[in-house]
Amino acid sequence: MLDLMLSTLVGLLTVDRMMFMMIGVTVGIFIGVLPGLGGIAGLSLMLPFVYGMEPIAAVAMLIGLLAVVPTADTFSSVLMGISGGSSAQATVVDGFPMAKRGEAARALSAAFFASMIGGLFGALVLTGTVIVARPLILSFGSAELFMLTLFGLSTVAALSGGNLAKGIAAASLGLVFGMVGAAPATGEYRLDFDMLYLSDGLQLTIVGLAIFALPEMFDLLRGGGSIAQGQRLGRGWLQGLRDTFAARWLVLRCSVIGAVVGIVPGIGNSVVPWLSYTHAVQTTKDKSQFGKGEPRGVIGPESANNATLGGDLMPTLMFGIPGSGSMALFLAGMVLLGLQPGPAMADRHLDVTYTIIWSLAIANVIGTALCIVLAPQIARLTFVRYVLVAPFMMLIITFAAFQATRSFSDLLALLVLGVLGMFLRRFGWSRAAFLIGFVLSTDTERYLYQAVQFQGAAFLSRPLVLVLIALTLFSLWVGIRQNKRNAISTEGDIEQSRAKVLWPQVAFTAVVVGFFAFAIIDGQKNSFLAMLFPVIVGCVGAVTAAMVLFAQSRGPAFAGTANFDTEARAQDKGPWIFAAWFAGLIALTALIGFYAALLLFFVVFLRVIARSDWRQILVLTACAGGATLGLAWALNLVFPGGLLQAYFDLPWPLR
Amino acid sequence: MIRIGRRALLGAAAVGVATSARAQAPVSFAGRTIEFVIPFAEAGGSDVWARFFAPALSKHLPGNPNVIVRNIPGGGSITGANEWAQRARPDGSSFFGPSASTHLPYLLGDRRVRYDYTKWTPLIVSPTGGVVYVSSRTGITRGDQIAQLRGRELVFPSQGATGLDIVPILALHLLGLNTRYVYGMRGRGEARIAVERGDANADHQTTPAWLTQMVPMVRAGAAVPLFSYGVPDAQGNIQRDPSFPEIPTFEEAFRLMHGRAPDGPGYAAYRACSVAAFAGQKPAVLLKDTPAPIIAAFRKAFADAVADPDVIARRGDILGDYPQAVGPAADALYATATTISPEARDWVRNFLTTQHNVRF
């Protein structure tokens, strides 16, 4: 076996194969830096070239690309607060506040090194488990998967921001939003309002962008300055490295979380960063800095998401079951190359598997090195006046959002959820808890139903299930205890947000209670199996939200931790004016199509809000227009059209 | 929208007149980009299939146009099909690759469907096949012992009663086998694992997965094939699948079970759904009102592509061992795969509503 490992390494280290891997790595970094594109876009860019390539070189190229995307997408999470792929959503929570503090360099280097170690660990796990992968994967049935989702949900307790009821209500809200679309047990459409778009459910990319990126962007625009408030860019590279070294056991533990959840097919990998984030929270003594720029909050998720890839490859290679969208594409690439995944990958085609492992390891090291070289230049962005950055952010966010299904509805969904995100942020409803609920919603329901169908109540007595129950209870206990003692808030400072006028909070909470009531009523339209979950979640949500409402309605003195309003001491008109600009961009798209709207929006926004001179306007608009065009051309994209396109047949890119 | 349609129609008519006047001026797509529209996201069967054909079509279409794959995902392929039906122009600038998940809602009369197969014309139909099998835990070791399964409960992990799984659901119902369906599977791979793990004991797999994943399990004695869906021959009679000629067809299994050939609206419904889902799974189509020379050029390009030694050498699991239906064969297979008699449709809708909680 060692022979084979070494011979595949030597086989990989030829000039042309390494060159193809470098192509993959370069494209991966480029794609990773642009939020919302991620591995799926990168692989679909590469697939046409794979056709007819030498298999080893092609595999090296594809793995090279996949390996660096979760490293490179850290840039946008840390520097701009935009979580591109789902792999970087948890990084935003602490990475972005660090950048705002002027510690972008520190956050990035900590993240990159953590990523690299995680990636290498993933490769190691893959090596060690190739032979035993099949029995390992087979030991996770629906019952175990259900307990894993419950374990994921239990982490909400630690992220509730000091008010457990509010945290549970936020997670329930996420669960309800995750229920949109076909019910797993019966295929009935729930909460779809008879719209074809909603029958697929809401897209995670869009929810992530709307809940995290948009509210931050509007808030930054209000400040008027740049992202980084300090002036200390150069500092922190070594500090970040030291942070990672100091947190070496955390890195290792989170890598294990990433690799294990990756190996288990059926649990979405988007939950991995959150599991490791909560793990980082739970195992840190001084929790006061979480949500405000704690390096451990960056290191945990970053080491996990690179390790996930190694684990994720396991079910893809051994069973032909892709655990994620990018794995599905990788699988397609393998089929195009004539490589069939299956038991043979641990046997006859073991050389291919080892090539994949080596590529993974080498690409991780190269990718980290490249990111570190690039970082100082990219990090400067945080010192540019934000009004000049904002239109680019809006461009990137809308562009990323319509990658989801490439329809105008993606943009509408983004806008509506963005408004929800603004309120969640303002009133301190944990957005992390919301997202965990959203991500786990259908899986929780699906696996509970399947476990009961397959095994009846006996599913609770399986040994692995009992272990997971113990883990879940432990995680709950830690979370609740810590909530009482020193609460962490991922949404901002509690002291700064104690309001005297409570009616805006009361109104929002009332709307939330009403929404849960609606979910319960709407749920009852379904057959029994599809009704159970919405009604239970709706009741939990309604009760917890009503508790919050009760506390808030009794006035500031009584409300305590339920009282939270970041606008409590605001002097200006709030973020709504900028939200309106963003809505304007989308309305304009509906009228004249995305590309024309984009150009027009840039000119008007830069003139009116940024007060740029015409030369600057011209240069920035040309940059945006040119880059978008280049990318769309390379990816064969059509932009969402508007009313104008419905009546006139315009040439691309206006089409 | 209306305006474009009308203009395009006028244009097409003008082209038609011009071509007949010039007596078959050669069609050329030189310098053009032609879109192969696929109503699914990247990856997945249809996308791989389209990406496999795109370069070959580029080579064989007159003028060697650039053929690109455009994915319009959503609504289990209904979104993309609706959109293409609404927006496509009859000039050959785009053609469409629907699949079983597009055919079945149309056949079942899903109210979200806004497309009509009779307005399209097939260029090629790529068949695939499938096998229904049980785990050896059921106690049988050979497919011809199927009668021993009577009265036992089969547990079948399913992705949903209105998708591809409608075919085994109807087949097992007609055979009179008592089957409990556990829904919510996210792919055939998950279902296969559920059987391997012992949670379930019956399942079906399509040809590529059968050959690579299941054949080893059959050899190991863990899985027992019951029947395949077969392929219709030129006369429309179901023959054994060329990929696994040793496995009997559903019709043979039915005769073994009941001692007679299957008939009635239930069988008609099964036939329609099974051909739509497997033998006629992947057609490529143009709008029917596209000028005849353009349609002819596309049909010839597909015929040349499937005869291209390079394509044949690379076909692997993407096309498998199935003869690719082009020309008149494509018309016949396409017609069978996209039509269902009103009685059979009523029967299957009623069946799904009463037995599987489906609401139409």
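Any read-out appearing in this document is the output of simple, stated calculations on the displayed coordinates, not a laboratory observation. Just so we're clear, the structure is a prediction, and the values are computed from it rather than from any experiment. Please note: Cβ atoms are built from the backbone with ideal geometry, for glycine as well, and neighbour counts cover all protein chains shown.
Sorting B:Arg240, A:Arg431, A:Arg569 by the number of Cβ atoms found within 10 Å of their own Cβ, with the fewest placed first, yields A:Arg569, B:Arg240, A:Arg431. Summarising the label geometry, the points placed 7 Å from Cα in the beta-carbon direction at B:Arg180 and B:Gln239 lie 4.2 nm from one another. Compared with the dominant principal axis of the Cα atoms in chain B, helix B:2-21 is inclined by about 70°.
Taking packing as the residue-averaged number of other Cβ atoms within 10 angstrom, the listed peptides A:63-73, A:2-12 run from highest to lowest as A:63-73, A:2-12.
Extension gain for the segment A:Ala622 to A:Val604, taken as residue separation times 0.36 nm less the Cα-Cα distance, is 5.1 nm to one decimal. As a proxy for reagent exposure, A:Cys254, A:Cys539, A:Cys623, A:Cys371 were ordered by neighbouring Cβ count within 10 angstrom, fewest first; the result is A:Cys623, A:Cys539, A:Cys371, A:Cys254. For region A:170-243, trypsin sites (Lys or Arg not before Pro) are listed when DSSP marks them as loop and at most 15 other Cβ atoms sit within 10 Å of their Cβ; the list is A:Arg232, A:Arg235. In a DSSP loop and with at most 13 other Cβ atoms within 10 Å, the GluC sites (Glu not before Pro) in region B:127-222 are B:Glu153.
Ignoring aspartates and glutamates fewer than eight residues from B:Lys59 along the same chain, the ones with Cα atoms less than 18 angstrom from its Cα are B:Glu35, B:Asp304, B:Asp308, B:Asp310. Counting lysine pairs in chain A whose alpha carbons fall under 15 angstrom apart, excluding pairs fewer than 8 residues apart on the same chain, gives 4.
Helix B:328-337 versus the longest principal axis of chain B: what is the Cα-based angle in degrees, 0 to 90, to the nearest 10? Taking Cα atoms only, the helix is inclined about 50 degrees. Listed by Cβ neighbour count within 10 Å, with the fewest neighbours leading, A:Ser430, A:Ser553 appear as A:Ser553, A:Ser430.
Each helix, a run of at least 4 DSSP H residues, gives -39500 (n - 2.57); summed and divided by the residues of chain A, these come to -22500 deg cm²/dmol at 222 nm. Using the rule -39500 (n - 2.57) for each DSSP H run of four or more residues, divided by the residues of chain B, the 222 nm mean residue ellipticity is -12500 deg cm²/dmol.
Here is the list for region A:266-339: trypsin sites (Lys or Arg not before Pro) lying in DSSP coil, each with at most 12 other C-beta atoms within 10 angstrom of its C-beta, are A:Lys285.
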